[in-house]
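Here is the structure we will look at.
The values are calculated or read from the model by the stated rules, or taken from the named source; none is laboratory data. If you're wondering where the values come from, they're calculated on a predicted model, not measured in any experiment. Methodologically, a virtual Cβ is constructed for each residue, glycine included, from the backbone with ideal geometry; neighbour enumeration extends over all protein chains shown.
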Amino acid sequence: MKLLEYEGKEIFGRYGIPVLRRHGIIRIGDGPDALKLDGAGPWIVKAQVLAGGRGKAGGVKVAKTAAEARELTNKMLGMKMVTHQTQGKALTVEEVLVEDACAIARELYISVVLDRKAACPAIIASAEGGVSIEELAQSHPEKILKVAVDPEAGLLDYQARQLAFDLKIPQKNFCEFTQLARQLVKVFLELDASLVEINPLIISGEGKLIALDAKIVTDDNALFRHKDQAAKPDHEASEIEREARAIGINYIGLDGDIGCMVNGAGLAMATLDTVKMAGGDAANFLDVGGGANVEQVTRAFQIILKDPKVKAVLVNIFGGIMKCDNIAAGIVEASRKVKIHVPLIVRLEGTRVKEGREILAKSGIKIEQADSLWEAAQKAVAAAKR
């Protein structure tokens, strides 16, 4: 799950990582008095979307007066934002963060990521932070520092000190920085995160370390350990994905036109790959689980068919815990409950597969059966092109 900047900063605040003072989170539909400014300003107005490069896209503005802050907030709400990270898609700004602005004396970059090759967290840092960190990593990789972290011990004192030396942290900020680095690792470990990033981490004009931005990505598979995070809305999920999650179906929308219903995540991935090899593109990743029942299959059909791009549906089920004849009966019953207006291709394999195929053949429902996944993928691709 990806968190918005203000959500990440709330977490930083709980861990003692310094952030700017917030004046409000303004949302579409809020009244004119929702923004309550304190002090003489200036203030920073920031669009809350899950994409970098907001500043270049007009999503980060400085307001010198209260009237200007309110005007900028109203202009940002509802705007369509395209940045270099949105892959050409426009994101709608539904929330705006307003906080104190501050002078910047120096920018740095620091993050904690999961190093999958080394099977441990790692700090990635650079003395040159800011909006062009990706280009810096490509053009001057020697300026990017990497520190492996023990997941049990966290960032050790000597590692934090060495990192501060390498980043040329001023003496007056030295202890403050080492504490911040240790806390950043603690956030990563305790939240089961895959990324915790500050870009930029600044030394302000007053000589203070401040996390000017916050980016946190947590592991969805660990949400059961974090009830507060699980209760938050998934800002990337579509309405269909949220509906599927509410009924216990793993669904991710994709860009193709072949709806896929599969039991088991590994089989689902293999199905998507096979569809691609056959010349098509999947419209979704949908895993109904190993013990799929009639209700789940019915709801899965309903969810798949809500996507207007779907031109064919491919059902690829392996009968293990749930035998093929029971699965076939569930598909038949679900097909009668749901008006399926596109071609339906079914491939069954596993326990009692012969009985399952007979049930489908005698059902009277228009179903194309396939003996193999490759045959099923080819039939689905051909059906989608008709």
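Checking each residue in segment 185-210 for being of a type in the set (Asp, Glu), in contact with a Lys or Arg (Cβ under 8 Å, 6 or more places away or on another chain) and either in contact (Cβ under 8 Å) with a residue 60 or more places away in the chain or not assigned by TED's automatic domain parsing to the domain that holds residue 117 (or both) picks out only 197.
Here is the figure for segment 160-182: residues that are under 24 Å from residue 101 (Cβ atoms) and in contact with a helix residue (DSSP H, G or I) (Cβ under 8 Å, 6 or more places away or on another chain) total 2.
Taking the numbered list (1) in contact with a helix residue (DSSP H, G or I) (Cβ under 8 Å, 6 or more places away or on another chain); (2) at pLDDT 90 or above in turn, residue 7 passes all entries but (1). Kindly indicate the residue of segment 337-382 that is over 22 Å from residue 269 (Cβ atoms) and among the small types (Gly, Ala, Ser) and also surrounded by the most Cβ atoms within 10 Å (Cβ to Cβ) among those meeting that condition. Here the residue is 356.
Considering only residues in segment 172-221 that are charged (D, E, K, R), at pLDDT 95 or above and assigned to a helix (DSSP H, G or I), the one that is surrounded by the fewest Cβ atoms within 10 Å (Cβ to Cβ) turns out to be 172. From the residues in segment 130-143 that are at pLDDT below 75 and in a loop (DSSP other than H, G, I, E, B), which one is farthest from residue 184 (Cα to Cα)? Ranking the candidates gives 132 first. Among the residues of segment 342-378, just one is of a type in the set (S, T, N, Q), in contact with a Lys or Arg (Cβ under 9 Å, 6 or more places away or on another chain) and not in a loop (DSSP other than H, G, I, E, B), namely 369. Just checking, does segment 121-129 include any residue being among the polar types (S, T, N, Q) and touching a helix residue (DSSP H, G or I) at 6+ places or on another chain (Cβ under 9 Å)? Within segment 121-129, one or more residues are among the polar types (S, T, N, Q) and touching a helix residue (DSSP H, G or I) at 6+ places or on another chain (Cβ under 9 Å).
Looking at 125, 63, which one is of a type outside the set (S, T, N, Q), under 21 Å from residue 196 (Cα atoms) and touching a strand residue (DSSP E or B) at 6+ places or on another chain (Cβ under 8 Å)? Show your work before the answer.
Working: 63 fails: under 21 Å from residue 196 (Cα atoms).
Every option except 125 fails the conditions.
The strands (runs of 3 or more DSSP E) located wholly in segment 7-104 that include 2 or more residues which are free of Cβ contacts under 8 Å to residues at least 60 places away in the same chain occupy 43-47, 60-63.
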